[in-house]
Amino acid sequence: MALFGKKQQSAEISLKDIQLPEHVGIIMDGNGRWAKKRGLPRSAGHSAGAKTFRKIARYASNIGIKYLTVYAFSTENWKRPQGEVDALMRLFTDYMNESLRDFRDDSIKLRFIGDRSAFSPGMLKLMEENEEISRDREGMVLNLAMNYGGRAELITAMRSLAQDAADGKLRPEDIDEKVVSDRLYTSGEPDPDLIIRPSGENRTSNFLLWQSAYAEYVIMDVLWPDFKESDFDAALIEYAKRNRRFGGV
Ligand code: FPP
């Protein structure tokens, strides 16, 4: 994974010249550093990051991305100070309320991926209502990864396969890539083609471990709250220049 600076973008290429990825994943990283640089609490970085999320989700939908998966809260993020976790939960709740109230005519289909058992009944209700209200929409699928971890997702899938095997409903030789994919939170969706990680860190951080097997990573030297539509364009253009071989030659 190479750090990709904006200066490397070639000015003459525009989005209309390139093939867009069908599914983009984003690790929304750098909120804490953004806040620290300004002498603000980390929660202020998350609030700014939530604004960026709204802007980029809308933009991705408008330019024709079919699936967008954003890493909003990992299974490890509960270890953060309680005040920071509470601030994040408030941001998620605000967004889900806003989405129910203000985005009724929207084309975006909202899905939540991750282990829901840790969320409050109020948040669970909001998740279900948001999924229900947007179920038949035709536009971009927006996966919000909340209490998501790639390893936890695989363990859940393995347990469900093992249970079916124990119940005599599945033979070991029936297990193939499709059978596993169908047990993941992203069942029925294409794998991500491109994963963008702002803030310069070269890690997968437990994001879409199975699904990202052949994803192109674009690591960008910009903190998530500063991330602009032009950065998204730059990542798409960088992606289009890559030669994807899926293990072939
Ligand atoms: C990682 O940056 C970011 C998170 C753990 C939270 C991401 C959440 C948002 C951007 C808010 C999303 C809001 C909605 C409504 C979906 P970090 O805090 O680890 O940053 P650092 O590495 O600079 O400390």
When only residues in region 101-128 that are part of a helix (DSSP H, G or I) and under 24 Å from residue 23 (Cα atoms) count, which is least open to solvent (accessible area, probe 1.4 Å)? 127
Restricting region 26-85 to residues that are open to solvent by less than 30 Å² (accessible area, probe 1.4 Å), more than 17 Å from the chain's Cα centre (by Cα) and not small (Gly, Ala, Ser), the residue that is nearest to the ligand (Cβ to nearest atom): 84
Does region 68-76 contain at least one residue that is out of contact with any Phe, Trp or Tyr (no Cβ under 7 Å at 6 or more places or on another chain), touching a residue at least 60 places away in the same chain (Cβ under 8 Å), acidic (Asp, Glu) and farther than 16 Å from residue 234 by Cβ? yes
Within region 129-145, residues being open to solvent by 60 Å² or more (accessible area, probe 1.4 Å) and either touching a strand residue (DSSP E or B) at 6+ places or on another chain (Cβ under 6 Å) or acidic (Asp, Glu) (or both) number 4
Counting only residues that are within 20 Å of residue 245 (Cβ to Cβ), open to solvent by 40 Å² or more (accessible area, probe 1.4 Å) and not in a loop (DSSP other than H, G, I, E, B), how many does region 171-217 have? 1
Considering only region 156-165, I want to know if a residue exists there that is surrounded by 13 or more Cβ atoms within 10 Å (Cβ to Cβ), in contact (Cβ under 8 Å) with a residue 24 or more places away in the chain and either within 15 Å of residue 28 (Cβ to Cβ) or of a type in the set (Lys, Arg) (or both). no
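The values are calculated or read from the model by the stated rules, or taken from the named source; none is laboratory data. All values derive from a computational prediction rather than experimental measurement. Don't worry about glycine lacking a Cβ; one is built from the backbone with ideal geometry, like all the others, and counts go over all protein chains shown. Areas reflect the complete protein model, heavy atoms only, side chains present, ligands, DNA and RNA absent. Shrake-Rupley method; radii C 1.70, N 1.55, O 1.52, S 1.80 Å.
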